[in-house]
Amino acid sequence: MHPGPLNLITDVPGLKVGNAEDRQLKSGTTVLTADQPFTAGVHVMGGAPGTRETDLLAPDKSVAQIDALVLSGGSAFGLDACSGVVAGLRAAGRGFAVGPARVPIVPGAILFDLLNGGDKDWPDNPYPALGRAAYEAADHQFALGTAGAGTGALAARVKGGLGSASFVLPDGTTVGALVAANPLGSVTTPGDRHFWAAPFEIDGEFGGAGVDPASGFTTPAPSLKLASMQKLAADAAIPAEGSNTTIAIVATDAPLTKSQCQRLAIAAHDGIGRAIVPAHSPGDGDLVFAVSTSDPGAAITDGEPAADLGEIGHAAALCLSRAIARAAALARPEPCDLLPCWQEI
């Protein structure tokens with residue numbers, strides 16, 4: 001396996017990603033869309049998810065394909081970013097046909113960034129406009145780090161962010177990952193210079209610090225994130241539950257059914273567990289969407305060997321680990337930050 005030419009999820013043919021952010025707000029939205037509707041699944045392993053229209057991705061539900069996926073900051077307010085994307089798709093004539101009407105199908109997930117030093121005293125919810133802007137900005141190239149849904153993201157001890165990575169398998173199949181990393185856990189080993197994902201790094205893509213020789217079976221260092229949030233809230237108690245999340249999308253051009261996309265999402269969660277310690281906690285909303293851009297009619301049928309799906313799932317997990325580390329490694333310092341960037345340590 002080797003990274004695709006962009007080392008982004010958009011190495012998967014047909015996919016585009018757009019970002020929109022508000023620097024004063026310290027928040028933003030990321031949209032993944034495609035030239036044509038695509039097949040998708042989802043799997044949630046965190047204890048505090050925030051989602052929209054994820055039920056329809058279940059294999060037993062009728063909607064076969066969707067038009068876009070949204071990752072957004074803003075907690076519950078950020079779910080309205082999906083409405084902005086729906087409006088943009090409708091204006092473009094996209095959506096599920098119901099007679100003459102078109103209904104764009106846009107599932108989404110959010111992360112909590114309401115206590116990160118940004119100005120949250122808005123008169124009107126800004127996220128519908130951010131969603132529309134992110135959709136209209138969708139392209140093959142897009143920014144990482146302090147961008148889109150990762151604009152205000154924080155990990156336990158350093159800033160989080162938006163990350164992406166890709167692999168091309170020996171048979172030519174492309175796999176990619178996109179993540180907004182805002183976890184309760186740490187992306188770095190104690191000392192904060194080495195990433196937990198270091199064994200999977202390729203060509204110094206997230207700083208080249210290498211594996212921490214002293215990491216072993218250690219207890220993660222105390223969270224600076226919760227302490228900073230409590231200070232910002234005038235020392236009011238900030239529950240860990242619901243104030244964190246790693247939300248991600250993995251994608252492939254291999255033809256998969258909805259149920260196979262769900263299996264791919266399950267496998268990809270291994271990438272979160274390898275890159276964040278601890279992961280999938282009661283205080284996280286950890287979620288992975290999985291996407292196939294090819295005709296599901298050519299997919300492996302039930303009862304056939306699923307070796308190819310296993311290899312794709314393994315590649316997706318590795319891509320997701322790398323993307324999480326890239327999210328933090330590429331984060332940039334900005335005014336009123338609560339935590340340092342990894343680059344500053």
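Results, tabulated for the structure shown:
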quantity	calculated
Pairs with Cβ under 7 Å, 6+ apart, first in region 38-57 and under 12 Å from GLY285 (Cβ atoms), second part of a strand (DSSP E or B) and of a type in the set (S, T, N, Q)	GLY46/THR245
Filtered residue count, region 18-66, keeping only those that are over 17 Å from the mean Cα position of the chain (by Cα) and acidic (Asp, Glu)	4
Candidates ALA237, ALA254, ALA268 - the one that is over 15 Å from the mean Cα position of the chain (by Cα) and either at pLDDT below 90 or in a helix (DSSP H, G or I) (or both)	ALA237
Single match in ASP67, ASP35, ASP22 (criterion: acidic (Asp, Glu), within 30 Å of GLY172 (Cα to Cα) and either buried (at least 22 other Cβ atoms within 10 Å of the Cβ) or out of contact with any Lys or Arg (no Cβ under 9 Å at 6 or more places or on another chain) (or both))	ASP67
ALA165 vs. criteria under 12 Å from ASN19 (Cα atoms) and touching a residue at least 24 places away in the same chain (Cβ under 8 Å)	no
Considering residues of region 67-99 that are aliphatic (A, V, I, L, M) and in a helix (DSSP H, G or I) only, the residue farthest from the chain's Cα centre (by Cα)	ALA91
Residue under evaluation ALA129, criteria (1) farther than 25 Å from THR293 by Cα; (2) assigned to a strand (DSSP E or B); (3) of a type in the set (A, V, I, L, M, F, W, C), criterion not met	(2)
Failed condition for ARG102, given (1) assigned to a strand (DSSP E or B); (2) within 21 Å of the chain's Cα centre (by Cα)	(2)
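The values are calculated or read from the model by the stated rules, or taken from the named source; none is laboratory data. The model shown is predicted, which means the values in this text are computed figures rather than measured ones. As a convention, Cβ positions derive from the backbone with ideal geometry for all residues, glycine included, and neighbour counts pool all protein chains shown.
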